[in-house]
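First up is the structure itself, then whatever we jot down about it.
The values are calculated or read from the model by the stated rules, or taken from the named source; none is laboratory data. Note that the structure is predicted; figures quoted are calculated from it, not measured. Here Cβ is always computed from backbone atoms with ideal geometry, including for glycine, and neighbour counts include all displayed protein chains. For accessibility, only protein heavy atoms count, side chains too; no ligands or nucleic acids. Shrake-Rupley method; radii C 1.70, N 1.55, O 1.52, S 1.80 Å.
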Amino acid sequence: MELRESPPGLEPRARGRSSAPRARQAAPAAGAHHPEDRSRISLRPGWAARVLGWLAGRGSDDFSRQASGPAARTRTSTTDPPESDELHGMARRLIDEGRYVFVLLRDAVDQIGEPDARLAWDLVSRQMALIPAGNVPVSLCDGRYASVEVGSFFLDRYAVSNREFQGFVKAGGYESLEIWPAEIWPSVSRFTDRTGQPGPRDWEGGRFPQGKADHPVVGVCWYEAAAYARWVGKRLPTAPEWQKAGGWPEHLSGGECNRYPWGDLFDPKRANLWASGRGGTVPVASFPEGSTPNGIFQMCGNVWEWLADPLDAIPCDPGETFLPWKAMRRISGGAFNTYFPGEAICQFVTGQGELDRRENIGFRCGVSVDQLRPLP
């Protein structure tokens with residue numbers, strides 16, 4: 001696989017049973033080194049700025065040439081200048097590819113027309129849920145709790161599916177170095193499927209398993225999840241955000257989070273854990289009865305999900321301390337093979353190695369409200 005830099009958003013086409021670690025199973029090394037603060041990698045300037053630079057008319061010639069295709073030739077009015085045609089064409093292309101958040105970025109508000117913005121907002125309302133700002137009592141890696149202020153954000157209603165991830169693969173996401181942190185570049189060529197093609201571990205020939213288009217994508221490491229999130233203009237959620245979205249604290253009743261999206265008592269009919277008897281993943285829209293009050297699916301069960309936060313320690317018994325022996329990231333939610341329901345609550349702290357590509361770990365994406373143009 002050839003790795004090369006290419007204009008963001010215009011990437012070349014690609015050529016060419018285990019459960020989560022429990023407290024006593026994981027023990028990453030004291031002082032695990034992180035080359036940069038990667039806990040909140042989202043839109044790096046070199047990635048988003050070039051997209052927005054093009055939208056603002058300051059981009060490179062590559063963008064102008066690529067944006068002059070058939071879609072860009074549809075004018076919103078007979079008097080629109082050529083630049084407006086190109087902006088409209090690029091906006092519609094991003095929307096068609098499921099990358100509608102780029103159209104709504106606050107920095108592009110003067111370049112994107114209202115029709116395109118309304119279309120993008122419609123997709124946000126159907127595919128993402130708004131979580132209001134507020135305090136949330138968060139479980140820390142050392143076992144303590146802390147009240148954390150969380151800003152308003154949108155979170156995907158569903159985990160990223162194989163069908164959605166296929167778009168990233170076909171667009172050459174594994175070859176576009178701009179969406180990958182520099183320290184991982186030497187490893188990107190190893191992120192391949194069973195046949196050696198770029199893609200999740202258990203795919204073949206760059207394609208997901210037959211009949212699983214709407215199942216969550218699995219077999220991707222933390223870096224693959226983060227790269228996809230950047231590609232669609234989003235990011236991975238943080239642990240406080242996950243806990244607020246999944247636990248839905250109600251401040252009028254004390255502000256405590258529920259253990260599960262539906263309440264504090266486990267119900268095997270509401271989540272795809274071991275007790276449900278499914279024995280594998282199910283489509284991302286399954287188990288609607290286990291969704292959050294605002295319609296986010298499977299924050300408990302089906303697959304664990306990568307979070308942005310590094311895992312620096314794991315809570316354990318008093319007087320004991322377990323530290324990571326390798327760089328790890330937090331995961332949450334439990335999976336189809338999680339035996340203990342208590343490991344699937346939104347407060348549970350565990351993690352997985354950043355480069356691990358497990359059959360029971362997927363992800364979903366989010367975006368902060370303050371990054372977007374004003375709500376309509």
Does Pro324 satisfy the condition of being more than 16 Å from Pro240 (Cα to Cα), open to solvent by less than 10 Å² (accessible area, probe 1.4 Å) and modelled with pLDDT under 95?
yes
One residue is enough: does region 219-235 have a residue meeting the conditions out of contact with any Gly (no Cβ under 9 Å at 6 or more places or on another chain) and more than 30 Å from Gly199 (Cβ to Cβ)?
no
Criterion violated by Glu289 - all others in (1) assigned to a loop (DSSP other than H, G, I, E, B); (2) at pLDDT 95 or above; (3) of a type outside the set (Lys, Arg) satisfied
(1)
Residues of region 84-118 classified as closer than 29 Å to Glu241 by Cβ, touching a Lys or Arg at 6+ places or on another chain (Cβ under 8 Å) and in a helix (DSSP H, G or I), total:
6
Given (1) among the charged types (D, E, K, R); (2) in a loop (DSSP other than H, G, I, E, B); (3) under 18 Å from the mean Cα position of the chain (by Cα), identify the lone condition not met by Arg194.
(3)
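What tally of residues in region 171-213 results from selecting those that are under 15 Å from Ser161 (Cα atoms), polar (S, T, N, Q) and buried (at least 20 other Cβ atoms within 10 Å of the Cβ)?
Residues that pass the stated criteria total 0.
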Residues of region 337-366 being in a loop (DSSP other than H, G, I, E, B), among the polar types (S, T, N, Q) and within 19 Å of Val160 (Cβ to Cβ), in sequence order, are Asn360
Within region 124-154, how many residues turn out to be buried (at least 23 other Cβ atoms within 10 Å of the Cβ), touching a Pro at 6+ places or on another chain (Cβ under 6 Å) and more than 30 Å from Asp317 (Cα to Cα)?
0
Considering only residues that are aliphatic (A, V, I, L, M) and surrounded by fewer than 21 Cβ atoms within 10 Å (Cβ to Cβ), look in region 260-295 and name the one that is nearest to the chain's Cα centre (by Cα).
Ala285
Conditions: (1) in a loop (DSSP other than H, G, I, E, B); (2) over 23 Å from Arg163 (Cα atoms). Asn272 meets all but one. Number of the miss?
(2)
Checking the structure you have, find out if any residue of region 200-218 is farther than 26 Å from Glu354 by Cβ and basic (Lys, Arg).
no
